[in-house]
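To start, the structure itself, in structure tokens.
Taken together, the values in this text are just the output of simple stated rules run on the coordinates, not laboratory data. Keep in mind the model is a prediction, meaning the values are calculated, not measured. Cβ placement follows ideal geometry from the backbone for every residue including glycine, while neighbour counts extend to all protein chains displayed.
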Amino acid sequence: MKENMLYDTNRYQLRSFVLQRMQKIIQQQKKAQPNQTVFFGDSIVQYFDLAKFLPSLGTCYNCGIAGITSDMLLHFVDEAVIKYQPRQVFLMIGTNDLGDTIMASPRQIALQVKELIEIILGNLPEAKIYLLSCLPCLEALHGYQAQQKGLRSNDNLQMIFDEEQKLIHHPQVQFIQLFTDQNQQVYLSTADYTDGLHLTESGYQKISARLLAQLTND
């Protein structure tokens with residue numbers, strides 16, 4: 001696939017780095033122990049050092065894939081989640097859907113996530129799912145006005161989580177708000193980003209603290 005070719009949203013198209021990452025996840029799966037924890041999502045998940053920032057969760061398998069969108073997750077959920085046979089799954093997805101390839105609405109993204117969760121629970125009925133909100137971006141760098149393409153904005157990123165809470169009603173799904181703190185304030189600062197979208201160590205430390213605080217309150 002040419003790197004500069006026009007993206008066709010009616011076809012399942014993958015870049016080489018995505019295929020390479022998928023192959024690593026499949027190989028990891030062959031050695032994975034059941035009844036552990038899986039994280040599934042995009043690059044923010046892939047670059048999340050789970051052993052470093054979330055050691056209290058025990059054995060975690062990172063199945064994040066840079067550049068992936070919610071519809072692509074549906075194609076890969078068997079290899080990246082179901083065959084791992086986890087007891088709990090953490091999902092974070094949505095920001096790439098607002099990029100310049102898919103450009104789905106927040107409701108469309110939430111519907112894709114709803115379908116993803118239904119597939120997981122249909123195959124793993126005892127699993128617990130934690131649905132993480134998208135993270136805010138630095139709009140001056142990664143918002144649609146700065147990029148002159150796509151639909152990414154912090155309003156739309158927050159709206160994905162709002163739509164998910166309206167559409168997804170299952171006792172085994174817990175929503176975890178990482179966009180804002182307990183006072184509904186954005187707590188990530190410029191220093192917490194490497195490029196306005198991906199996180200530094202301080203950014204991962206902050207979202208890990210938020211995640212663990214909400215798990216404790218479960």
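The simple Förster model, with R0 at 30 Å and r as the Cβ-Cβ distance, assigns Asp155 and Lys52 a FRET efficiency of 0.40. Pairs exceeding a 24 Å alpha-carbon distance, out of Lys31/Lys206; Lys83/Lys128; Lys24/Lys166; Lys114/Lys206; Lys31/Lys128; Lys128/Lys166: Lys31/Lys206; Lys24/Lys166; Lys114/Lys206. The phi-based Karplus calculation (6.51 cos²θ - 1.76 cosθ + 1.60; θ = phi - 60°) puts the 3J(HN,Hα) values of the range 43-49 at 5, 5, 6, 4, 8, 7, 7 Hz, whole numbers, x for Gly and Pro. Per-residue extension of 0.36 nm, minus the Cα-Cα distance of Ser202 and Ile26, leaves a gain of 60.4 nm for this segment.
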